[in-house]
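Just below is one structure, and these are the notes that go with it.
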Amino acid sequence: MSGNSHQKRVFERALTRLLERRMSTTNPVQDKWAKIYFFIGLFVALVLPGLALIGITVNVWLGGAILAVAFVCLIRAFYIWEGSLKLHVYLRIGTVALAGLLYFGIIGRQMIRQYKIDQGDLAFVHEMSKPQITEATGKLAKEMVDFETKHRADHEATESEWSLKMRMEPDPRKVIQLAEQMHLALDASYAKFLADYRKDYRGKAIAVRNELLFRLRLTPEQADRRVTESLPPSPFSRHLAMALDGMLSGPSPIADAALYLETLAGLVQ
């Protein structure tokens, strides 16, 4: 206990001497400007964009510029105060560098996060506002439709190419061989199509559906009924979400799933 008390007294004396040294060496004019810079920086960092970093939410670049100005003002204030303590120039520079790393490390992560949300990154779908999730759902739905449309066009082109070869081949035995090769090519194309859908779209679509169901407070069965009631009657309207469960059936199962997601997003208030 005596050792701790001694260390405490030594620390208190050192701190007292440091404060006395600052008071004796502080230039009143410099101290005034340091306080002005400090409070301007504090106001810009906390009051103007707000604690939730409204400046970044509205415009990521504007928010970054505002927070950079705040940092410059705060560092200028601390640099003046450090100068009054007659700290070594390298120590002052090191302090500024360390503060910059901490400040922009925290702010940079927030800016990147907000930028990804604004760009519709579905990894942050649970943080999106209604307009953002509606836009992100529409973008994903369009990508899914385009993906399926391209596969259908490639499928038809491959089938036409092989059919032409079979028509041009006079030997019936070779025609049979060409037909087998065509089926193998089409099977390989479909397997790649299915693998790409599962890798690039299904996970995102499920994440969007789960978030929409959470916001609507609906079960999947209730959501299916709501979506079906919102669309014109169709033989496939009851099975729009089958592609999300990994089952691709019907003429355009992925486009059906895209329609399901867009309709579901439209129900969010």
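The values are calculated or read from the model by the stated rules, or taken from the named source; none is laboratory data. Note that the structure is a prediction, hence the values are computed from the model and not measured. Positions of Cβ are generated from backbone atoms using ideal geometry, with glycine treated the same way; all protein chains shown enter the neighbour counts.
Checking Arg209, Arg198 one by one, the residue that is surrounded by fewer than 18 Cβ atoms within 10 Å (Cβ to Cβ), part of a helix (DSSP H, G or I), assigned by TED's automatic domain parsing to the domain that holds Arg167 and among the basic types (Lys, Arg) is Arg198 and no other.
Residues that are hydrophobic (A, V, I, L, M, F, W, C), under 36 Å from the mean Cα position of the chain (by Cα) and loosely packed, with under 11 Cβ neighbours inside 10 Å within the stretch 166-195 comprise Ala191, Ala195, listed in sequence order.
For the stretch 128-144, the count of residues that are of a type in the set (Gly, Ala, Ser), assigned to a helix (DSSP H, G or I) and at pLDDT 90 or above is nonzero.
Rundown of residues vs (1) farther than 25 Å from Lys130 by Cβ; (2) touching a residue at least 12 places away in the same chain (Cβ under 8 Å), yes/no style:
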{"position": "Arg167", "(1), (2)": "yes, no"}
{"position": "Pro170", "(1), (2)": "yes, no"}
{"position": "Ala191", "(1), (2)": "yes, no"}
{"position": "Asp196", "(1), (2)": "yes, yes"}
{"position": "Leu212", "(1), (2)": "no, yes"}
{"position": "Gln222", "(1), (2)": "no, no"}
{"position": "Arg226", "(1), (2)": "no, yes"}
{"position": "Ala265", "(1), (2)": "no, yes"}
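Inclusion of Ala179 among residues that are in the same structural domain as Val145 (by TED's automatic domain parsing) and within 18 Å of Arg152 (Cα to Cα) is not warranted.
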